[in-house]
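Peer 1: Submitted below is the structure of interest, expressed as structure tokens.
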Amino acid sequence: MSRNNNIARARAHSNIAFVKYWGNLDDDLRLPANSSISMNLAALHTTTTVEWQADRKTDSLTINGARADKSALLRVRAHLDEIRRRLEVDCRARVDSYNNFPMGTGIASSASAFASLTLAAVSALGKRMDVRALSTLARLGSGSAARSVASGFVEWRSGDSHDTSCAETFAEADHWALVDVIAVVSRSHKRVGSSAGHQTAGSSVIQSARVDSAGARLLSVKQAILQRDFELFAKTVEEDSNLMHAVMMTSRPPLFYWQPLSLTVMESVRRWRATDGLQVCYTLDAGPNVHCICAAGDAERVVDRLKALSPEIEILRSRVGGGAVVLPADPPHRERRLRK
Ligand code: DP6
């Protein structure tokens, strides 16, 4: 391996799922129990630099300039092991990752992290892969990362084997001007992460009903996006989120991610849509923060109303984003300076 071309930097965006991935048929391969749909979030991203070094004894990982904790390192190392095994590489890597949004708050940092890590790792080897192949590989690191590889509005077909479970774009980012106004009601790190949650999903008696009906919701959400039908979109997205949280709450042990303020926001969003005609609906991932998905023209009004609801709510907002991209491989110290 040449010393000059073994480094690459890649960026991937976070995504928000409209039909959720919750529970795996195969936890090791991250083959999901159902197909899912999401949109990428332009404003929220992870930038990762990977350098493969022939004389390195062990992989290293920094996140936002600080040495990562052991669990993060072990997860990244496991993913690098998969890449080493599948691409026949035998050396270790230095990995430096930067998120521009808070981690562990139900805003999927693992999606953008593993999508950017996978693209950087593959590019640093001088290899080219198409979106399907990259998505397949990224999925092994984190299921939702499979969706962050592709651009815009994305469908992850569950498939039934490693090679058939990957995500693809079904509408580009400029197809529909939606905005995700995220009501951050808590920045504290979530107690039970998604990976642990996926493993208990099957213990809920509701999970099989959720999975059996996911295909119908997926068709509705896809049709709603393709036809820009906000009413159908809102109804189905809220139902899918409620169903996933019903599974979480009825799993053994139960998982409760909602906080009182999450419920206040959810009720308000439904009222703003039903009585005031705002094009807005809610969806929540594995955390208490409420993603208020709205038509771009209503985003400002939604932000104002959220601020008026409670001074505790912080707002992040994002338009629809593109897919994972390779960036010029600047050294990480430059990235740190830029972020100050
Ligand atoms: C609730 O992709 O974070 O956000 O595959 O274990 O990394 P791992 O899980 P992850 O799960 C995402 C769960 C979700 C719903 C979704 O994004 O579809």
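Peer 1: Could you state the angle between the C-alpha long axis of helix 230-249 and the longest principal axis of the C-alpha atoms of the chain, as a value from 0 to 90 degrees rounded to the nearest 10?
Peer 2: Between the helix axis and the principal axis of the chain, the angle is about 70 degrees.
Peer 1: Order Val325, Val76, most accessible first, counting only protein heavy atoms with a 1.4 angstrom probe.
Peer 2: The ordering from most to least exposed comes out as Val325, Val76.
Peer 1: Right, next: Accessible area per residue, 1.4 Å probe, Å², for segment 7-173: what's the number?
Peer 2: Here the residues of segment 7-173 average 34 Å² of exposed surface.
Peer 1: Still on this structure, please answer the following. Note down the magnitude of the dipole of the chain about its Cα centre, charges +1 on Lys and Arg C-beta and -1 on Asp and Glu C-beta and zero elsewhere, to the nearest 20 debye.
Peer 2: 1040 debye
Peer 1: Let me ask something else about it. Considering only protein heavy atoms, what is the solvent-accessible area of Tyr21 at a probe of 1.4 Å, reported in Å² to the nearest 10?
Peer 2: 20 Å²
Peer 1: Can I ask one more? Using a Förster radius of 56 Å, what is the FRET efficiency between Asp174 and Arg252 based on their Cβ-Cβ separation? Nearest 0.05, please.
Peer 2: 0.80
Peer 1: Another question about this same structure. Roughly to the nearest percent, how much of the accessible area of the chain is carbon and sulfur, given a 1.4 Å probe?
Peer 2: Carbon plus sulfur share of accessible area: 50 percent.
Peer 1: Can I ask one more? If you average the sequence gap of Cα pairs under 8 Å that are 6 or more apart and divide by the length of segment 178-319, what percent do you get for the contact order?
Peer 2: Relative contact order, segment 178-319: 41 percent.
Peer 1: Once Lys and Arg get +1 and Asp and Glu get -1 on their Cβ, which of Gln227, His13, Val269 lies farthest toward the positive end of the dipole of the chain?
Peer 2: His13
Peer 1: Going through segment 147-194, which GluC sites (Glu not before Pro) have at most 12 other Cβ atoms within 10 Å and a DSSP loop state?
Peer 2: none
Peer 1: Give, as a single signed number, the net charge of other residues whose beta carbon lies under 12 Å from the beta carbon of Gly215, with Lys and Arg counted +1 and Asp and Glu -1.
Peer 2: Summing Lys and Arg as +1 and Asp and Glu as -1 gives +1.
Peer 1: State, as an integer percentage, the relative contact order of the chain based on alpha-carbon contacts under 8 Å between residues 6 or more apart.
Peer 2: The value is 25 percent.
Peer 1: Once you charge only the Cβ atoms, +1 for Lys and Arg and -1 for Asp and Glu, what is the size of the charge dipole of segment 173-286 about its Cα centre, to the nearest 20 debye?
Peer 2: For this selection, approximately 340 debye.
Peer 1: Which pairs break 25 Å Cα to Cα here: Lys20/Lys70; Lys20/Lys307; Lys20/Lys235?
Peer 2: Exceeds cut-off: Lys20/Lys70; Lys20/Lys307.
Peer 1: With every protein chain present, what is the per residue accessible area of segment 178-319 (1.4 Å probe, Å²)?
Peer 2: Accessible surface, normalised per residue, equals 46 Å².
The values are calculated or read from the model by the stated rules, or taken from the named source; none is laboratory data. Every value quoted in this text rests on a predicted model; they were computed, and no experiment measured them. Don't worry about glycine lacking a Cβ; one is built from the backbone with ideal geometry, like all the others, and counts go over all protein chains shown. Protein only, heavy atoms only, side chains kept; ligands, DNA and RNA dropped before computing areas. Shrake-Rupley method; radii C 1.70, N 1.55, O 1.52, S 1.80 Å.
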